[in-house]
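Structure provided below as structure tokens; questions to follow.
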Amino acid sequence: MYYKKTASKPILILDSVIDVKWVQTVAGGHGRGDATNQLDQPHGLFIDDDQTMIIADRENHRIIQWRMGDINGQVVAGSHGPGNQLHQLNEPTDVLIDKETDTLIICDRKNRRVIRWSRRSGTTHGEILLNNIHGYGLAMDDQGYLYISDTEHHEVRRYKTGDKSGTVVAGGHGEGNGLNQLNVPIYLFVDRQQAVYVSDNNNHRVMKWNKGAKEGIVVAGGHDQGNALTSLSHPLGMFVDALDTVYVADCGNHRIVCWPKGSKQGTVIVGGNGEGEGANQLKNPMGLSFDRYGNLYVADCKNNRVQRLCIE
């Protein structure tokens with residue numbers, strides 16, 4: 001069973017034994033560009049209940065919404081060139097939907113801010129939630145707390161509505177590879193117990209920090225950078241299912257792997273066949289998520305596309 005990464009109550013769907021039935025391109029795939037049928041280095045993505053994809057289209061400085069089956073996406077934030085005005089974004093790296101307010105929460109990385117942007121038709125600009133934070137990844141738990149990874153301070157902070165300082169919930173002890181440290185934390189996943197999973201990029205591992213913990217637990221990788229099944233290379237996007245299986249975009253190895261709870265090594269789901277554009281290949285996968293039906297979505301960054309995988 002899977003928990004859907006959402007601000008509302010997590011959705012439960014069926015377990016899956018890893019067997020890829022098919023792969024399809026569901027967004028982009030028409031080369032690198034800024035047309036509405038193209039992407040330019042997609043990063044984080046969020047899948048809504050109706051399988052609509054919300055994509056942080058980083059180098060186009062926009063958030064684009066893509067309904068399942070459509071050839072073209074719809075720009076829903078940014079797309080006015082890189083800039084720091086409220087109608088602009090500068091290399092956004094992650095996005096999620098806050099169901100309670102029907103807004104997008106955007107990590108506007110190069111502007112060092114987090115933006116809230118209404119999903120109402122006709123919205124032309126966002127509002128600043130947080131400033132002066134070198135954020136990269138976002139998550140929200142079912143109580144409405146917002147979590148942000150800070151790559152400059154090597155920590156993850158949790159914020160309640162209106163809070164400008166936040167509370168450190170992972171890392172915060174400087175750059176390093178100790179169990180109480182992180183080294184460039186990127187993407188996040190938060191489970192129903194408010195445990196925080198972090199892709200600890202430069203430590204080539206995924207860490208789990210239970211609520212209130214003083215140090216984390218290595219749940220994937222942690223055996224130095226490499227392409228063996230025991231190793232990861234600059235892990236990025238993640239998802240954790242109800243059995244605590246961790247799914248990871250193993251960016252430097254151009255593959256998606258899953259690590260069952262307690263496992264000493266991962267299993268390759270897709271990729272691992274060298275970087276490329278084939279259906280069984282990826283090129284620097286970034287964001288990763290599931291829909292409520294158990295389909296896996298991958299932001300295939302350097303191929304400028306989003307791939308959907310049906311797995312059993």
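Where in the stretch 206-312 are there strands (runs of 3 or more DSSP E), lying fully within it, with 2 or more residues that are free of Cβ contacts under 8 Å to residues at least 40 places away in the same chain and crowded, with 21+ Cβ neighbours inside 10 Å? Show your work before the answer.
Details: elements: 217-221, 235-240, 246-250, 255-259, 267-271, 285-290, 296-300, 305-311.
Because the criterion is at least 2 residues that are free of Cβ contacts under 8 Å to residues at least 40 places away in the same chain and crowded, with 21+ Cβ neighbours inside 10 Å, the strands (runs of 3 or more DSSP E) in the stretch 206-312 that meet it are 255-259.
Let's see how each residue does on (1) in a strand (DSSP E or B); (2) of a type in the set (A, V, I, L, M); (3) in contact (Cβ under 8 Å) with a residue 24 or more places away in the chain:
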{"position": "142", "(1), (2), (3)": "no, no, yes"}
{"position": "149", "(1), (2), (3)": "yes, no, yes"}
{"position": "179", "(1), (2), (3)": "no, yes, yes"}
{"position": "186", "(1), (2), (3)": "yes, yes, yes"}
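Same structure, new question: Quick one: which residue in 300, 224, 241 is within 14 Å of the chain's Cα centre (by Cα), charged (D, E, K, R) and either at pLDDT 95 or above or under 20 Å from residue 186 (Cα atoms) (or both)?
On the way: 224 fails: within 14 Å of the chain's Cα centre (by Cα); 241 fails: within 14 Å of the chain's Cα centre (by Cα).
So the residue among 300, 224, 241 that is within 14 Å of the chain's Cα centre (by Cα), charged (D, E, K, R) and either at pLDDT 95 or above or under 20 Å from residue 186 (Cα atoms) (or both) is 300.
Let's see how each residue does on (1) assigned to a loop (DSSP other than H, G, I, E, B); (2) of a type in the set (Asp, Glu):
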position: 64; (1), (2): no, no
position: 70; (1), (2): yes, yes
position: 76; (1), (2): no, no
position: 85; (1), (2): yes, no
position: 94; (1), (2): no, yes
position: 104; (1), (2): no, no
position: 116; (1), (2): no, no
position: 128; (1), (2): no, no
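Okay, next question. Please go through the stretch 44-57 and pick out each residue that is in contact (Cβ under 8 Å) with a residue 40 or more places away in the chain and either hydrophobic (A, V, I, L, M, F, W, C) or crowded, with 24+ Cβ neighbours inside 10 Å (or both). Write out each step before concluding.
Of all residues in the stretch 44-57, those in contact (Cβ under 8 Å) with a residue 40 or more places away in the chain come to 44-49, 51, 53-56.
44, 45, 46, 47, 53, 54, 55, 56, listed by residue number.
Scan 271, 262, 287 and give me the residue that is over 23 Å from residue 66 (Cα atoms) and touching a Pro at 6+ places or on another chain (Cβ under 8 Å). Explain how you work it out, then say what you get.
On the way: 262 fails: touching a Pro at 6+ places or on another chain (Cβ under 8 Å); 287 fails: over 23 Å from residue 66 (Cα atoms).
Being over 23 Å from residue 66 (Cα atoms) and touching a Pro at 6+ places or on another chain (Cβ under 8 Å) holds for just one of 271, 262, 287, which is 271.
Moving on. Would you check if there is a residue in the stretch 160-172 being in contact with a Ser or Thr (Cβ under 6 Å, 6 or more places away or on another chain) and either at pLDDT below 95 or outside any strand (DSSP E or B) (or both)? Steps first, answer last, please.
We begin by selecting, within the stretch 160-172, every residue in contact with a Ser or Thr (Cβ under 6 Å, 6 or more places away or on another chain); these are none.
Within the stretch 160-172, none of the residues are in contact with a Ser or Thr (Cβ under 6 Å, 6 or more places away or on another chain) and either at pLDDT below 95 or outside any strand (DSSP E or B) (or both).
Note down all Cβ pairs under 9 Å where the first residue falls in the stretch 66-81 and is on the phi < 0 side of the Ramachandran plot, the second is among the acidic types (Asp, Glu) and assigned to a loop (DSSP other than H, G, I, E, B), and they're at least six residues apart or on different chains.
67/50; 68/50; 68/291
Tell me yes or no: at least one residue of the stretch 90-100 is modelled with pLDDT under 95, out of contact with any Ser or Thr (no Cβ under 8 Å at 6 or more places or on another chain), farther than 24 Å from residue 297 by Cβ and surrounded by fewer than 22 Cβ atoms within 10 Å (Cβ to Cβ). Spell out the reasoning first.
Quick first cut of the stretch 90-100, residues modelled with pLDDT under 95 only: 99-100.
When the remaining residues are screened for being out of contact with any Ser or Thr (no Cβ under 8 Å at 6 or more places or on another chain), the result is none.
Scanning the stretch 90-100 turns up no residue that is modelled with pLDDT under 95, out of contact with any Ser or Thr (no Cβ under 8 Å at 6 or more places or on another chain), farther than 24 Å from residue 297 by Cβ and surrounded by fewer than 22 Cβ atoms within 10 Å (Cβ to Cβ).
Yes/no matrix, rows are residues, columns are (1) part of a loop (DSSP other than H, G, I, E, B); (2) at pLDDT below 95; (3) not basic (Lys, Arg):
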site: 9; (1), (2), (3): yes, yes, no
site: 14; (1), (2), (3): yes, yes, yes
site: 54; (1), (2), (3): no, no, yes
site: 59; (1), (2), (3): no, no, yes
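Quick check on the stretch 157-205: of everything there that is buried (at least 20 other Cβ atoms within 10 Å of the Cβ) and β-branched (Val, Ile, Thr), which residue is nearest to residue 257 (Cα to Cα)?
Result: 198.
In addition: Hey, among the residues in the stretch 103-146 that are of a type in the set (Ser, Thr, Tyr) and in contact with a strand residue (DSSP E or B) (Cβ under 9 Å, 6 or more places away or on another chain), which one's surrounded by the most Cβ atoms within 10 Å (Cβ to Cβ)?
The extreme case among them is 136.
Assess whether residue 85 counts as being out of contact with any helix residue (DSSP H, G or I) (no Cβ under 7 Å at 6 or more places or on another chain) and surrounded by fewer than 16 Cβ atoms within 10 Å (Cβ to Cβ). It would help to see each step written out before you state the result.
Details: out of contact with any helix residue (DSSP H, G or I) (no Cβ under 7 Å at 6 or more places or on another chain): yes; surrounded by fewer than 16 Cβ atoms within 10 Å (Cβ to Cβ): yes.
So residue 85 passes the test.
Follow-up question, since we're still on this one. Taking residue 277 as meeting all but one of (1) more than 13 Å from the chain's Cα centre (by Cα); (2) farther than 19 Å from residue 59 by Cβ, write down the number of the exception.
(2)
The values are calculated or read from the model by the stated rules, or taken from the named source; none is laboratory data. Note that this is a predicted model, so its numbers are computed, not measured. Cβ coordinates were reconstructed from backbone atoms using ideal geometry, including for glycine residues, and neighbour counts include every protein chain displayed.
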